[in-house]
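Accompanying notes for the structure given below.
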Amino acid sequence: MAGQFAAGAGHLDPGDHPARRYDRRHSHPHSEQTWIIEQGRADLLLDDGQSRPVEAGAIVRTPAGEIHGLHNSGSEPLVYLAITTPPIDFRPAYDNER
């Protein structure tokens with residue numbers, strides 16, 4: 001299965017609604033993930049409560065098993081492309097948001 005990946009657009013709103021402003025800390029045990037920040041500013045959420053700022057133009061790679069997440073820290077929408085390899089099924093993670 002070498003060379004397979006999944007890609008999807010991500011969007012986090014500005015404002016006070018936490019469910020739309022965060023991609024909570026999580027990990028993918030067997031897949032790495034790369035985020036390309038296309039618009040906006042965010043805090044990259046790391047392990048142990050740590051974070052670091054990222055903004056449009058940043059490319060963030062998280063190896064398999066590494067804790068990561070995003071918090072829209074700006075006043076405009078955060079738009080990013082997420083690339084995951086090998087691909088995984090993200091539907092269960094979003095089932096409770098429907």
Environment charge of SER75, counting only residues whose C-beta is closer than 11 Å and scoring Lys/Arg +1, Asp/Glu -1: -1
DSSP beta bridge pairing in the stretch 16-92, given as percent antiparallel to the nearest 5: 100 percent
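A short reminder: the numbers here are calculations on the coordinates, not readings from a lab. These numbers come from a predicted model, not from an experiment. Positions of Cβ are generated from backbone atoms using ideal geometry, with glycine treated the same way; all protein chains shown enter the neighbour counts.
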